[in-house]
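**Q** Next up is a structure, given as structure tokens.
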Amino acid sequence: MSAPWDQFGPAYDLAPFDGAARTYLIASSPRTGSHWLGHLFRACGDMGAPLEYLHPRHLADWGERLGTAGAAQTVRAIQRRRTSPSGWFGVKAHWAQFAAAPGAAAVERWVRIVRDDALDQAISLVVAKQTRSPISFRPSSGALIYDRAAITAARVRLAQDAAGWDDFFARERVTPLRIAYEDLVARPLDALNAARAHLDLPALSTLPDGDGMPARQATATNALWRARYLEETAGD
């Protein structure tokens, strides 16, 4: 995207939808490829445009733009412009975002995106924070400095986030579709079709041609930090 990324703008809008939307939620944690997954879903044309609508700052911004009051009313207004003709409306949310807006959306189907390699995930989070670039649409604006303590703290934070989702699904007796970041990268069409089957949508033979897909952000720095961290913590 040449223009600044605008998740609130018309680029993500769909034809006005007046029916009763069916909502699915991508239950995510930071640095699991959830933005890429959400944009892949959006590119299909029948899976809505799942973004972080429940993020507290985003929800407040949406409320101001749409003139709505309260999370539930705001989500209903977003559904009118971000629901596909198929009737599916998608939301992507980290655990803290979802927990902060209980009941904002009646979720019918759940997709859990995880990253099996917790260390890679933590390193990716530290890199994103230092560069101030959580998504490739936002240019990097900070220097990278290896920080063992920050990586360890990120591992703890991400484990807590995952535990929040685990506890919720166990408590609600929900079994979400599980997609691992590693599988998404290696076999994206398989991951996409698993999600489409979960939503009762037909399988695709090829990946959709999505305009404005986010790019992977990992560089050689991630691998160097991983090797150094493992060497430094080998005796721990």
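The values are calculated or read from the model by the stated rules, or taken from the named source; none is laboratory data. Keep in mind the model is a prediction, meaning the values are calculated, not measured. In this analysis, Cβ positions are derived from the backbone assuming ideal geometry, glycine residues included, and neighbour counts consider all displayed protein chains. Heavy atoms of the whole protein, side chains included, go into the accessibility calculation; ligands, DNA and RNA do not. Shrake-Rupley method; radii C 1.70, N 1.55, O 1.52, S 1.80 Å.
**Q** For the range 49-57, does any single residue satisfy the condition of being within 30 Å of ALA150 (Cα to Cα), open to solvent by 30 Å² or more (accessible area, probe 1.4 Å), in contact with a Leu (Cβ under 8 Å, 6 or more places away or on another chain) and not hydrophobic (A, V, I, L, M, F, W, C)?
**A** Looking through the range 49-57, none of the residues is within 30 Å of ALA150 (Cα to Cα), open to solvent by 30 Å² or more (accessible area, probe 1.4 Å), in contact with a Leu (Cβ under 8 Å, 6 or more places away or on another chain) and not hydrophobic (A, V, I, L, M, F, W, C).
**Q** Can you tell me which condition GLU231 does not meet? The list is (1) more than 18 Å from the chain's Cα centre (by Cα); (2) over 30 Å from PRO102 (Cβ atoms); (3) not in a helix (DSSP H, G or I), and all the others hold.
**A** (3)
**Q** Being within 30 Å of ILE145 (Cα to Cα) and either in contact with a Pro (Cβ under 9 Å, 6 or more places away or on another chain) or at pLDDT 95 or above (or both) narrows it down to one of LEU230, LEU192, so name that one. Step through it out loud before you land on a result.
**A** Working: LEU192 fails: within 30 Å of ILE145 (Cα to Cα).
So the residue among LEU230, LEU192 that is within 30 Å of ILE145 (Cα to Cα) and either in contact with a Pro (Cβ under 9 Å, 6 or more places away or on another chain) or at pLDDT 95 or above (or both) is LEU230.
**Q** Next question. I'd like to know if the range 137-148 contains one or more residues that are within 19 Å of the chain's Cα centre (by Cα) and touching a residue at least 40 places away in the same chain (Cβ under 8 Å).
**A** Scanning the range 137-148, I find at least one residue that is within 19 Å of the chain's Cα centre (by Cα) and touching a residue at least 40 places away in the same chain (Cβ under 8 Å), so the answer is yes.
**Q** What is the residue count in the range 159-181 for residues that are in a helix (DSSP H, G or I) and either within 24 Å of PRO214 (Cβ to Cβ) or open to solvent by less than 30 Å² (accessible area, probe 1.4 Å) (or both)? Give the derivation first.
**A** Within the range 159-181, the first condition is being in a helix (DSSP H, G or I), and the residues that meet it are 159-172, 181.
With the extra rule that they be either within 24 Å of PRO214 (Cβ to Cβ) or open to solvent by less than 30 Å² (accessible area, probe 1.4 Å) (or both), the set shrinks to 161-162, 164-165, 168-169, 181.
Counting residues in the range 159-181 that are in a helix (DSSP H, G or I) and either within 24 Å of PRO214 (Cβ to Cβ) or open to solvent by less than 30 Å² (accessible area, probe 1.4 Å) (or both) gives 7.
**Q** Pick from ALA215, ALA186: which is touching a Ser or Thr at 6+ places or on another chain (Cβ under 9 Å) and open to solvent by 40 Å² or more (accessible area, probe 1.4 Å)? Please lay out each step first, then the result.
**A** On the way: ALA186 fails: touching a Ser or Thr at 6+ places or on another chain (Cβ under 9 Å).
Checking each option against the conditions leaves just ALA215.
**Q** Evaluate the following for VAL156: is it of a type in the set (A, V, I, L, M, F, W, C) and either open to solvent by less than 40 Å² (accessible area, probe 1.4 Å) or modelled with pLDDT under 95 (or both)? Step through it out loud before you land on a result.
**A** Values: of a type in the set (A, V, I, L, M, F, W, C): yes; either open to solvent by less than 40 Å² (accessible area, probe 1.4 Å) or modelled with pLDDT under 95 (or both): no.
So VAL156 does not fit the description; no.
**Q** Kindly provide the set of residues from the range 76-96 that are crowded, with 20+ Cβ neighbours inside 10 Å and not hydrophobic (A, V, I, L, M, F, W, C), ordered by number.
**A** Within the range 76-96, GLN79, ARG82, THR83, SER84, GLY90, LYS92, HIS94 meet the criteria.
**Q** Sticking with this structure for a sec: Please find, within the range 37-47, the residue that is surrounded by the most Cβ atoms within 10 Å (Cβ to Cβ) out of those that are outside any helix (DSSP H, G or I) and at negative phi. Full working, then the answer.
**A** Taking the range 37-47 and keeping what is outside any helix (DSSP H, G or I), we get 45-47.
After this cut, where a residue has to be at negative phi as well, the list is 46-47.
Details: ASP46: 17, MET47: 23.
Here the residue is MET47.
**Q** Out of the helices (runs of 4 or more DSSP H) lying entirely within the range 48-153, which hold 2 or more residues that are among the acidic types (Asp, Glu)?
**A** 56-66
**Q** Still on this structure: Identify all residues within the range 3-17 that are outside any loop (DSSP other than H, G, I, E, B) and surrounded by fewer than 10 Cβ atoms within 10 Å (Cβ to Cβ); write none if there are none.
**A** Applying the first criterion (outside any loop (DSSP other than H, G, I, E, B)) to the range 3-17 yields 10-12.
Within the range 3-17, just PRO10 meets the criteria.
**Q** Additional query: State whether one or more residues within the range 130-138 are crowded, with 17+ Cβ neighbours inside 10 Å, modelled with pLDDT under 90, within 27 Å of GLY48 (Cα to Cα) and in contact with a His (Cβ under 6 Å, 6 or more places away or on another chain).
**A** No.
**Q** Output the residue which, of all residues in the range 18-36 that are touching a Gly at 6+ places or on another chain (Cβ under 8 Å) and in a loop (DSSP other than H, G, I, E, B), is surrounded by the most Cβ atoms within 10 Å (Cβ to Cβ).
**A** Taking the range 18-36 and keeping what is touching a Gly at 6+ places or on another chain (Cβ under 8 Å), we get 19-26.
Still in the list and also in a loop (DSSP other than H, G, I, E, B): 19-21.
Working: GLY19: 10, ALA20: 11, ALA21: 23.
For the range 18-36, the residue satisfying everything is ALA21.
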